[in-house]
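Inspection log for the structure reproduced underneath, given as structure tokens.
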Amino acid sequence: MERAEREKVTIDLMRLEDLDQVIEIEKLSFTNPWSRNAFASELTDNHFSTYIVAKVNSTIVGYAGMWLIVDEAHVTNVAVLPEYRGRGIGELLMRSLMDIAWRNGARRMTLEVRKSNYVAQNLYSKLGFEPMGIRRGYYTDNREDAVIMWTDLIEK
């Protein structure tokens, strides 16, 4: 997190004009990337969704999103440009989502993470998430299982 602060990372709500940069990060991060239309729909049609971007100067270096439904938040995606990974930006994005979720009435947060993605699982554990189950064959690209993780949100 300290490195992210030194680089003057700012967090903003995602806008439609951010999508070109977001799509590039998405393609570099996932084997089955979301389409531009999927993100646009999340921003314009899904009143449960909140998406944020992390910027260094005017460059978007990461993004994250969630759905807020009653008192629960479900993280939909988190990604950081490969050259910016390991600098605390993913943690900053997650902490920002957790804060937004709390301020909007969520008291619990959940996410799915690839069973093989130990880096992400370690981050989520650091933030208080605990594994609570497995979704068998969740990922369509290779049928990998997902670990379901939950945390209780606390006021800051």
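The values are calculated or read from the model by the stated rules, or taken from the named source; none is laboratory data. A quick note: this is a predicted structure, and the numbers were derived from the prediction, not measured. Every residue, glycine among them, receives a Cβ derived from its backbone with ideal geometry; neighbour counts consider all protein chains shown.
Structural remarks
- In this structure, residue 128 qualifies as touching a strand residue (DSSP E or B) at 6+ places or on another chain (Cβ under 6 Å) and either surrounded by 20 or more Cβ atoms within 10 Å (Cβ to Cβ) or at pLDDT 95 or above (or both).
- Taken over segment 53-87, the criterion of being part of a strand (DSSP E or B), within 24 Å of residue 147 (Cα to Cα) and over 14 Å from the mean Cα position of the chain (by Cα) is satisfied by 69, 72.
- Within the set 10, 31, 50, the sole residue that is outside any helix (DSSP H, G or I), β-branched (Val, Ile, Thr) and over 22 Å from residue 120 (Cβ atoms) turns out to be 10.
- Condition met for residue 50 (touching a residue at least 12 places away in the same chain (Cβ under 8 Å) and more than 14 Å from the chain's Cα centre (by Cα)): no
Yes/no per residue for (1) under 21 Å from residue 27 (Cβ atoms); (2) at pLDDT 95 or above; (3) outside any strand (DSSP E or B):
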{"residue": "95", "(1), (2), (3)": "no, yes, yes"}
{"residue": "101", "(1), (2), (3)": "no, yes, yes"}
{"residue": "109", "(1), (2), (3)": "no, yes, no"}
{"residue": "112", "(1), (2), (3)": "yes, yes, no"}
{"residue": "124", "(1), (2), (3)": "no, yes, yes"}
{"residue": "139", "(1), (2), (3)": "yes, no, yes"}
{"residue": "142", "(1), (2), (3)": "yes, no, yes"}
{"residue": "148", "(1), (2), (3)": "no, yes, no"}
